[in-house]
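Here, each number is a calculation from the coordinates, and none is a lab measurement. Quantities reported herein were computed from a predicted structural model and do not represent experimental measurements. Glycine gets a Cβ as well: all are built from the backbone with ideal geometry, and neighbour counts include every protein chain shown.
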Ligand SMILES: Nc1nc2c(c(=O)[nH]1)N[C@H]1C(S)=C(S)[C@@H](COP(=O)(O)O)O[C@H]1N2
Ligand SMILES: [Mo]
């Protein structure tokens with residue numbers, strides 16, 4: 001017998017509303033408090049922290065977990081997820097967490113441009129305080145066949161798309177990572193096509209699974225994991241999950257991503273997880289869990305086919321799985 005798991009939107013409203021209403025109200029009140037700092041002596045400590053340019057979104061976390069997105073795997077230990085990283089701007093190996101602490105993440109300006117009603121530049125803190133934050137536990141599968149399971153905090157990318165008000169001609173969203181020559185030694189590796197670029201179709205960007213993460217393990221996102229904001233598309237290989245984003249451009253042209261530009265025979269635009277389509281140099285049938293090195297079978301769309309497979313109907317001529 002086929003037991004169908006309930007999707008998020010099928011959970012009765014009474015099960016989800018009270019918590020989210022409470023959460024949004026709490027964030028709204030915090031927003032008011034933040035907006036009025038400096039007005040009273042009582043708010044002075046926060047005020048001076050802001051004046052020094054200190055990171056000041058820590059108050060937003062933890063956010064409430066959306067119970068629709070849990071998985072049947074153990075969470076990866078926090079220490080592992082925060083010290084085994086891929087972030088070529090800081091080096092082409094996995095031990096970049098120390099080097100990444102040099103990155104400047106305040107102030108952080110996010111540009112939204114291209115085919116939108118009103119192109120804008122917005123401070124990250126203003127942006128994140130407008131967005132509906134929640135926590136979701138997702139699987140994560142790197143194209144190199146390691147995998148983790150982590151609780152991301154952030155907001156559905158659809159909320160950012162709605163905020164951007166794309167014009168009808170927009171077909172893709174192109175995203176760009178910051179280029180900080182002074183803090184990112186990887187940028188001196190001139191043979192790479194910096195800056196790191198990634199892209200999604202509008203359908204992918206507005207799919208309910210697609211998140212902009214601003215936190216992990218109930219805290220602000222650490223620099224090595226892509227502070228202050230990064231993409232999370234759990235049904236795609238890890239390299240699609242672009243970190244430390246400074247630009248969202250709505251366009252009618254399919255973006256050429258960093259890895260596609262380096263080697264289009266090995267890395268494509270779609271990069272959907274599929275155990276049956278090997279990488280040219282290794283199998284994708286299994287994945288190694290960061291927790292204990294255990295090898296487990298990889299699942300089509302990384303287990304998220306119910307949410308995403310429909311988007312690729314009729315696209316059999318595309319290289320959907322690389
Ligand atoms: N800007 C940028 N984003 C990036 C990368 C990178 O090198 N630079 N690596 C990607 C790859 S290959 C993976 S597997 C994930 C790793 O995310 P994590 O370090 O948070 O696990 O980040 C992705 N995003
Ligand atoms: Mo990766």
Just need log10 I(q)/I(0) for the stretch 114-267 at q = 0.11, 0.21 Å⁻¹, Debye formula, equal scatterers on the alpha-carbon atoms, no solvent, rounded to two decimals.
-0.42, -1.58
Just grab the label-to-label distance for residue 190 and residue 208, each label 7 Å out from Cα along the Cβ direction, in nm (one decimal).
5.0 nm
I need the calculated FRET efficiency for the pair residue 64 and residue 180, taking r as the beta carbon distance and R₀ as 25 Å, to the nearest 0.05.
0.15
Can you give the FRET efficiency for residue 283 and residue 117, using 1/(1 + (r/R0)^6), R0 = 41 Å, r = Cβ-Cβ distance, to the nearest 0.05?
0.35
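Give the average over all directions of the projected area of the C-alpha convex hull of the stretch 168-234, one decimal, in nm².
On the way: hull surface 24.5 nm².
Average projection, Cα convex hull of the stretch 168-234: 6.1 nm².
How long are the semi-axes of the equivalent ellipsoid of the stretch 225-295, taking √(5λ) for every eigenvalue λ of the Cα gyration tensor, in whole Å from largest down? The partial results should precede the final answer.
Details: eigenvalues 118, 65, 19 Å².
For the stretch 225-295, the semi-axes come out at 24, 18, 10 Å.
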Can you tell me the convex hull volume per residue for the stretch 13-310, based on C-alpha atoms, in Å³ to the nearest whole number?
144 Å³
The stretch 146-201: spread of alpha-carbon positions along the three principal axes, whole Å, largest first, is 38, 33, 22
Roughly how many nanometres apart are two label points built 7 Å out from the Cα toward the Cβ at residue 98 and residue 144?
1.8 nm
Modelled label-to-label distance, residue 313 and residue 167, 7 Å Cα→beta-carbon offset: nm?
3.1 nm
